[in-house]
Structure formats: C-alpha cells, structure tokens
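Please treat every number below as a calculation from the coordinates, not as lab data. Nothing here was measured: the structure is a model prediction, and the numbers come from that model. All Cβ positions, glycine included, derive from the backbone under ideal geometry; neighbour counts span all protein chains shown.
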Ligand code: SF4
Ligand code: MSK
C-alpha cells in the first residue's frame, strides 16, 4: 500500500498571533466605523473588517495604507530596473533617458509588455497543467481523474482534427492532449481555437501582424523584447503585447476552460450560496482558494471518503463544509454548486470567522501573508504547488499522479484540526445570499433552445441593447465590490446584459444580482427576457481563465451575424482589477475588437503617446480601444454610448 502523503512545514510555523498593537492604539470606535464603510461595499464583510480593526489583525487595507504615499514614478510607469546599469527613473527636465538611452515611452511600453506577458503566462501555465493531466490520462500515468464530458472531448477532438472513430475516451484524451500541448510550443505557430473567431476578426489580426502563435513562443518573444537593447519603439513593443494576450485568450485560457469542462463537467445552471456566511459553525470548514480546479475537485471527492467521514464523527463535527474562494471557488460554484465564501478581499476575512480548519491553496491571488492571519486562529494554511510554497504553511506536493491520496491527506489534516478550534473565537454573524450560476456558452445556448438566434433577435429588436463582460479583481484603490456592483446594476437598468467572471461575478453574487429575481432591477426589455427564461440579468460565466468563454460567446454572435467581433454591441470592463492577468484579459478583449473600460489606471500615465495609442490609436489597428474611468456610473455612460453607436453602425 502506498504511503500516506505527509506535509512539510515551509519555513517556521507562526504560533504566536501577530497582532498589530501599535495600530490598534490609534483606532477609536469612530475611526473604525468610518473605515469599515470606506473599505467595503460587501455588507457581510463589514462585521469582520470591524473585528480585525478592533483586534489589530492586519488586512490588505492596512497594508495599503502603510504603503502610502506610493512612488509617483513607479505609479506612472517611469521607473525601470531591468538591468544592472539602473535602476533608472525619468525625471524631467534633466533625467529624460535611462542610462541605456530608453525614453519615457519605451520604458512605459516595456513595463506594460512585461505585465501582459506575466499575466498571459500565469493563465496559460494553469491551462498547461490541465492539458498535461488530459494527456496523462491518455498515457495511463494519471488514473485519479476521469472524462466527465465525453461529448465535449469528441467535439474538441474533431475541432483539432483528431480522428475519433473506433477510439475510446482514453485514446482520444491522449491524442487531443498532445495536439493542444503542441500548440504551446514553437512548431505549429497557430491556434486551433482562434479559428472560432469570425473571419473578419482573424483578418484584422493578420493585417496587424498579431495572429496568436502559441503561448511559449509569444511569451518568450515578449521577454526577449524587454531585455535591454532589444525593443526600442514603444508602438512596436505594445503591438506585441496584443499578440501575447491573444495567445492567452484564444490559447492558454481557452484550453484551460475547455479541458476543465472535459475533465470536470461543462457547467449547467445550478443554485448555491455566497458570502462569508457560508462557513458553518457545526462543521469542519475547508476553504479552497486559488485557480486550478484539479486539486479542489479531488478534495470534493476525498471529503466523501468513508474513512474521512468516520473521522468527522470521531471529532464530533456535523460534517465537512467545503467553501470556495476567488477563482477555484468559481470553478467549484459553476460545476458543483459548492458555496463560495467570497472574492479576493474576503480571503483574510474567512480566517477571522475562527471556524476555518484549513485554507487550502494552489496558486495565484493568494496573499503570502495568510499564515500570519492564520496565526491568530487555529487555521492551517496548506499550500500544494511547487510554484507557490508559502512560508508558514504546511506543504503537500500535489501532482495529478498522486491526486486522490494527497487530497485525502489534506482533508484528514483539516478534520483533525477541528478539536483545536477555540469556541469563543467563532464569529459568523451573517447569512449567505442565494445565487444561480453555471452559465457556460453551452448552457446559454441550451437555455436559448439550442441556438443563439433568440439572443441575436432580442438584441436586434432592442430589448437587449448589448452585452458587457465584467471581469477582474478587487483593489484597495476602489471600495471593495463597489465598482463591480454599481456598474452591473447600472448596466442592467439600461437593458444591457452582463456576463461576468472572477471576482466581479462573486461581487455581483454577494449583492444579489445572480438571482433570477434580480430581473426586477433590470430595464423592461431585459427584465422580460430574463423572466421568460428564468435567468438572472447578470450571468456568471466562471473563473478568470473562463473570460475565454466570453470570447467564445462573442465569436458565436459575430458568426451568427457574419461580422467581426468589433462590429457587435459589446464591451468589456474591469472596474477593480489589480492583477497582471487582468491586463492580459483586457488586452485580448481589445485585440479581439471589444472596447474595454478599466476602473483603475494602469502604470502608463508617464507616457502620453502610450496613453494615446491605447485609448485612441488602437482603433485604427484592431477597431477597439481602452478607456479608463474610475467612476462606475460614468463608465456605464461610456459603455452605453459605445453600445448605441455600434447598434447604429449595424443598422439595428
Ligand atoms: Fe536603466 Fe535602460 Fe537598464 Fe532600464 S534597461 S535599468 S532604463 S539602463
Ligand atoms: S481570482 S485574478 S483577483 S479576478 Fe481569479 Fe479574482 Fe483577479 Fe484573482
């Protein structure tokens, strides 16, 4: 019998609660009351934020305050530390070039290309791990996973030119996995899923020289360009940024989404609960945080293991309560209806419930300080990826080949931690909110009766004016969730359908917008459509990599009308973005022809030509551009104007 996986402690365990007493001394009740309101729009988060301030438990908002004022050169993209001749900063009138001679425009453009490539790499490496699992199933090296959606497997195989006749799922999995892995590298130089884009959109890419070639090729090319002494022209540098982002959206992120559906099931509408109130006092609570569904899906399975269930009884708990966070949470919510404790800025607060036995993480958007927060409670932080070993966490090396055994050991560790809970520290003063989720492209098509025609007809008739993809994160520069919720509410009021992913979707869920009853908040046209279909006016389409679903939906609409994506009444928005991944998403939206409004200014203000290229010049290249508007109500105006203009141009 194989040995049970054992955790390794990374660094030192933090047994002493690291309270910030100095800050506590400065806080009086009035300041706490004011800050609680300033920090979040999430009603359920407010009592927890208040408690962290009263007890002196540090959170993201405290660290943000401690970082102020931030460096104005870094904030505007004018600092460079790429090589050992620097660091350099552009400070006119004297310092107008770095030591190497790079000017403000080039420094800003190189920094932005670096940001896009980082985000594209993160999404796509996540995708690679999923495809490697599919390939491993075909090779017989991975046995803990099954094909949950064989029909989608065969559909994708046909798309990739993999013959399926007379082959079993395992054989097809191996061949499709191989074909997808080939696209990552440098040999093929084209992406199959990008062929879903309307012909007119692909022609635009071809003409601009930005047709995606594969993530490894385009990211390495980007890294080459930002080496000192390579990229010298800001516009040429940024054009490559569009290409890298397309390799992410139509490549790495698309395969992450599609193969996750094959392995874990294509989402269908289902109901669940969100916010910090999903944590249950009577249960062993395990939060699943990060991005890749491979670990979390196995934890769901392991939690039902009879041996684990016997252990749950032994420790006196009523059961195991799994709760999602951020995008792993979105994956679980979409496919399994597992409740979600919240988005990016809920990750520290869920520990402060005092009822979380384990915070299990893989990678991306995980605060390295979580073990510090956990030191004030009994929570174990359990890390699992060789890429993200967090000091102060217990580490299990998770591989597809040892998936179930590792997941079971993790769940066991959480259950065994239940008796360490301190009952008087348990604090769950809020109730969860209902959500309807699971709107994959396939599910939307299904809800419309098997074709997109009814949606196209409703748009053409003007009952639905258009659609907006609202995506991205939380950022302390914006009141938590305020940007997402305000923009979504405003757009649905104007008969604009919202399709959302990532932390934006969870924000809408917490605010009640993912319920069919939220149709009552929509304008009359959208309200009637939603009520007749029994769906909410804000559709939850998944995690951050599932922004690819938004691209695929846009492609379906473009193909239905036989026009490029840029001609459709669509827009994108990222009201509270923080991550490099969000910059890649915004870039592939724009490169695909979707006007995109950002709520937080990227670090580009130091170069007026770069700002002008991104907000105006790109219209002449990809027929779309970025805008920056921190006020969500004004962003709604920009989006509405754009959608109405597109409708007029289409003659509808
Ligand atoms: Fe300075 Fe140029 Fe080196 Fe950047 S690459 S640190 S601008 S010398
Ligand atoms: S988790 S990338 S904070 S959406 Fe995908 Fe949320 Fe942004 Fe991470």
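The table that follows gives values for the structure above.
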| item | result |
| --- | --- |
| Cα-only radius of gyration and Dmax that characterise the stretch 267-415, units Å | 13.8, 39 |
| Cα-based Rg and Dmax for the chain, where Dmax is the largest Cα-Cα distance (Å) | 24.1, 73 |
| Compactness relative to 2.2 N^0.38 Å, alpha carbon Rg of the stretch 434-650 | 0.93 |
| Structure-based [θ]222 nm, the chain - -39500 (n - 2.57) summed over DSSP H runs of at least 4, per residue, nearest 500 | -14000 deg cm²/dmol |
| Percentage relative contact order, the chain, counting C-alpha pairs under 8 Å, at least six apart | 18 |
| Cα gyration tensor shape for the stretch 331-421, rounded if a/c is under 1.5, else prolate or oblate | rounded |
| Cα-only radius of gyration and Dmax that characterise the stretch 473-552, units Å | 12.3, 39 |
| Burial order of peptide ranges 553-561, 510-518 (average beta-carbon count within 10 Å, highest first) | 510-518, 553-561 |
| Using alpha carbons only: equivalent-ellipsoid semi-axes of the stretch 534-615, gyration tensor based, whole Å | 25, 17, 10 |
